[in-house]
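These notes are about the structure you will find just below.
The values are calculated or read from the model by the stated rules, or taken from the named source; none is laboratory data. Computed from a predicted structure; not experimentally measured. Here Cβ is always computed from backbone atoms with ideal geometry, including for glycine, and neighbour counts include all displayed protein chains. SASA here: full protein model, heavy atoms, side chains in, ligands and nucleic acids out. Shrake-Rupley method; radii C 1.70, N 1.55, O 1.52, S 1.80 Å.
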Amino acid sequence: YDLFSAKTGRPYIIDGVNFQQLPTKCKNIIKSRWQDGKLYEIDFNSCEIRAALFAINKLDIANMQSDIYAYYAQLVNSKLSVSLDRDMIKRLIIPMLYGASVSTMSKLAKKPTYFIKKIVELLLQEFEIETIYSTIDAALKKHNHFFNLFERPIYADNENRKYVFVQNYIQSTATDICHSGYAALCAYIKNNNMETRVIYTKHDAICIDVYPDELQHIDEFAHIVAKTNIKDVNFKTQVKEL
């Protein structure tokens, strides 16, 4: 892993099998080192969205254990009387967070611009994008760089677009949350002298090879990843057997 080339702190695999970009058709190229062991991937559900909410102290929503897209679909329906299904709101939230234009989101959602505009305005308020940018802007003026929620420095280079900064801030904050969860799991396995091993991390997911006698701990492993080592973080995680 290269831990330093990305300004947001996202690690990239630069040697060996690149599991981060592995095509789905190749997912079976790895197997457990033990005869009755199993491979599991534990991933953070909607991590960047939850990280954005955590950063503005909306802890209850960030940590909700239900589907966050369904929550926002219901919110839009209740506040604007606009009926959107889960997939539609999913197509809007991430582009909205990262500064896509209303016309671009209109094309993504295959809906008229006037229809999308009022939804985007509501979502921008809900995620307090201007508040996040104000924090970034103040740091830029003082230091010529800014920081994620955990004070990791993010250097702007020659970039000066506000929504790129917001994207960097959210991605970097999400990265640190994920890796705090992975570190918590590794520490738990080591401290309890367990045989389960980490195979790889893939941005918001970690793959582990679970020793046969430790298979009953998989839910506990997922809980440890979700809790991380960060106060008030308890993001939703999902477990998938590979």
- Task: Residues being open to solvent by 80 Å² or more (accessible area, probe 1.4 Å) and more than 16 Å from residue 90 (Cβ to Cβ): count how many of those fall in segment 101-118.
- Result: 3
- Item | Restricting segment 174-194 to residues that are aliphatic (A, V, I, L, M) and open to solvent by less than 30 Å² (accessible area, probe 1.4 Å), the residue that is farthest from residue 227 (Cα to Cα) | 194
- Considering every residue within segment 214-222, establish whether at least one is surrounded by 19 or more Cβ atoms within 10 Å (Cβ to Cβ) and either modelled with pLDDT under 95 or of a type in the set (Gly, Ala, Ser) (or both). yes
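Taking the options 93, 61, name whichever one is touching a residue at least 24 places away in the same chain (Cβ under 8 Å), open to solvent by less than 70 Å² (accessible area, probe 1.4 Å) and among the hydrophobic types (A, V, I, L, M, F, W, C).
Numbers: 61 fails: touching a residue at least 24 places away in the same chain (Cβ under 8 Å).
Going through 93, 61 in turn, just one is touching a residue at least 24 places away in the same chain (Cβ under 8 Å), open to solvent by less than 70 Å² (accessible area, probe 1.4 Å) and among the hydrophobic types (A, V, I, L, M, F, W, C): 93.
Yes/no per residue for (1) closer than 30 Å to residue 78 by Cβ; (2) in contact (Cβ under 8 Å) with a residue 40 or more places away in the chain:
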position	(1), (2)
114	yes, no
124	yes, no
144	no, no
168	no, yes
175	no, yes
- Message: Which residue is farthest from residue 170 (Cα to Cα), if the candidates are limited to segment 47-68 and must be of a type in the set (Asp, Glu) and part of a helix (DSSP H, G or I)?
- Response: 60
